[in-house]
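The values are calculated or read from the model by the stated rules, or taken from the named source; none is laboratory data. Every value quoted in this text rests on a predicted model; they were computed, and no experiment measured them. Quick reminder, even Gly has a Cβ in these numbers, built from the backbone with ideal geometry, and neighbours come from all protein chains shown.
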Amino acid sequence: MKILAFNCSPRMAKSNTSLLLDPFLEGAREAGAEVELIYLRKLRVKPCLGCFSCWLKTPGTCVQKKDDVALIMPKLGEAEVWVFAMPLYVDGMPGHLKMLFDRLIPGARPVIEVRDGHCRHPLRGDLKKGGKVVLIANCGFWELDNFDPLLIHMKAICKNVGREFAGALLRPHGEAMRPMMKMGIAIDDIFDAAREAGKEIVCKGNISPRLENIVSRELMPRDMYLRFANEGFKAIAGKGIR
C-alpha cells in the first residue's frame, strides 16, 4: 500500500500537527505501507486561474507550468491513501492546501454526470483510480465541534474525487500538548492511538471510532485551558496584549 501524506502546517516538523501525523505514519510503516511525506510549505502552488483551459484547450493539463502541481498529480494517482494533516485556520483548511485542491480540476471532465445520486464531474487520469482519505487536524480552541466545518468540506471533496473518507484524528485544544509533555503529564495514549490508527488504515482500511475518541479526548477542563492559554500568550507578548 502506498500512502501519500501532506503536512500542511507552515511550521512543518515543529508543528503540533506533526505530533499526531508522525506516529500515524510510523504505525503505517510498521504495518508494511510505503509512505511518502510532503511538507506543503515547501511546494510552489499557484492559485487556479479559473480559465478552464484544462477542460477546453489543453484537456487534462493545467496551462500553469512553473510550479510543483504537475509533480504532485502522478503521486496522488499512485497512492491508495491520501493523508492531509493540518492546523485549523478560520474554521477550515490552510489556504495553501485549498489552492492545491483547486488545482485538481484538470483531473475532472467538464461534462456533468449523476454519481451516487448527485451531480459530479467525471474523473480522468491520475484522479480516476479511487482510494481513501484520512484527515488529521489540530485546533487551538477547546471544543471538538470546531472541526465540523472542516469535516464537512473534506467529506465533500472525497465524494467529488471518488475517494472514501476513512477517518479523522482530531485534536482540540492541541496547544496544550507540548507544555503538558514538558511538565511530564502523561498523554502518550494519544500518540499511541495515532500510531495504532496508522496500522489500522493499512490492515483494515479505516480508523476505528475508539482510536478517534482517544486522540480527541479532553486534556483538561475548559476553564483551566483558558487560563493556561491566556497566561501563556501574555507571558510571550508582555503586558501590551489585549
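Each row is one residue, and each column tells you yes or no for (1) under 20 Å from residue 143 (Cβ atoms); (2) of a type outside the set (D, E, K, R).
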residue: 190; (1), (2): yes, yes
residue: 194; (1), (2): no, yes
residue: 200; (1), (2): no, no
residue: 205; (1), (2): no, yes
residue: 220; (1), (2): yes, yes
Answer yes or no: is there a residue in region 227-234 that is modelled with pLDDT of 95 or more and not aliphatic (A, V, I, L, M). no
Which count do you get for residues in region 125-157 that are surrounded by fewer than 20 Cβ atoms within 10 Å (Cβ to Cβ) and of a type in the set (Gly, Ala, Ser)? 4
List, please: which pairs have Cβ atoms under 7 Å, are six or more places apart or on different chains, and start with a residue in region 142-163 that is closer than 17 Å to residue 113 by Cα and end with one that is of a type in the set (Val, Ile, Thr) and at pLDDT 95 or above? 158/133; 163/133
Quick check on region 139-190: of everything there that is among the charged types (D, E, K, R) and touching a Cys at 6+ places or on another chain (Cβ under 8 Å), which residue is farthest from residue 226 (Cα to Cα)? 164
Please count how many residues of region 79-119 are in contact with a strand residue (DSSP E or B) (Cβ under 9 Å, 6 or more places away or on another chain), of a type in the set (Asp, Glu) and surrounded by fewer than 17 Cβ atoms within 10 Å (Cβ to Cβ). 1
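Look through 199, 234, 204 and report the one residue that is without any contact (Cβ under 8 Å) to a residue 12 or more places away in the chain, closer than 21 Å to residue 3 by Cα and either out of contact with any Pro (no Cβ under 8 Å at 6 or more places or on another chain) or surrounded by 13 or more Cβ atoms within 10 Å (Cβ to Cβ) (or both). Explain how you work it out, then say what you get.
Values: 199 fails: without any contact (Cβ under 8 Å) to a residue 12 or more places away in the chain; 234 fails: closer than 21 Å to residue 3 by Cα.
Exactly one of 199, 234, 204 is without any contact (Cβ under 8 Å) to a residue 12 or more places away in the chain, closer than 21 Å to residue 3 by Cα and either out of contact with any Pro (no Cβ under 8 Å at 6 or more places or on another chain) or surrounded by 13 or more Cβ atoms within 10 Å (Cβ to Cβ) (or both), namely 204.
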With region 112-182 as the region, which strands (runs of 3 or more DSSP E) entirely inside it contain at least 1 residues that are touching a Leu at 6+ places or on another chain (Cβ under 7 Å) and hydrophobic (A, V, I, L, M, F, W, C)? 131-138, 163-171
Could you please tell me which pairs satisfy a Cβ distance under 9 Å, a separation of 6+ or placement on different chains, a first residue in region 41-65 that is at positive phi, and a second residue that is surrounded by fewer than 14 Cβ atoms within 10 Å (Cβ to Cβ) and among the basic types (Lys, Arg)? 60/124
Considering (1) buried (at least 22 other Cβ atoms within 10 Å of the Cβ); (2) assigned to a strand (DSSP E or B), say which one residue 24 fails and leave the rest. (2)
Single match in 76, 37, 71, 100 (criterion: assigned to a helix (DSSP H, G or I), free of Cβ contacts under 8 Å to residues at least 40 places away in the same chain and within 28 Å of residue 124 (Cβ to Cβ)): 71
Looking only at residues that are among the aliphatic types (A, V, I, L, M) and in contact with a strand residue (DSSP E or B) (Cβ under 8 Å, 6 or more places away or on another chain) in region 210-231, which one is surrounded by the most Cβ atoms within 10 Å (Cβ to Cβ)? 215
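Could you pull out the residue among 207, 190 that is in a helix (DSSP H, G or I), touching a helix residue (DSSP H, G or I) at 6+ places or on another chain (Cβ under 7 Å) and at pLDDT 95 or above?
Working: 207 fails: in a helix (DSSP H, G or I).
One residue alone meets the criteria, 190.
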Of everything in region 164-209 that's over 24 Å from residue 146 (Cβ atoms) and among the basic types (Lys, Arg), which residue is farthest from the chain's Cα centre (by Cα)? 182
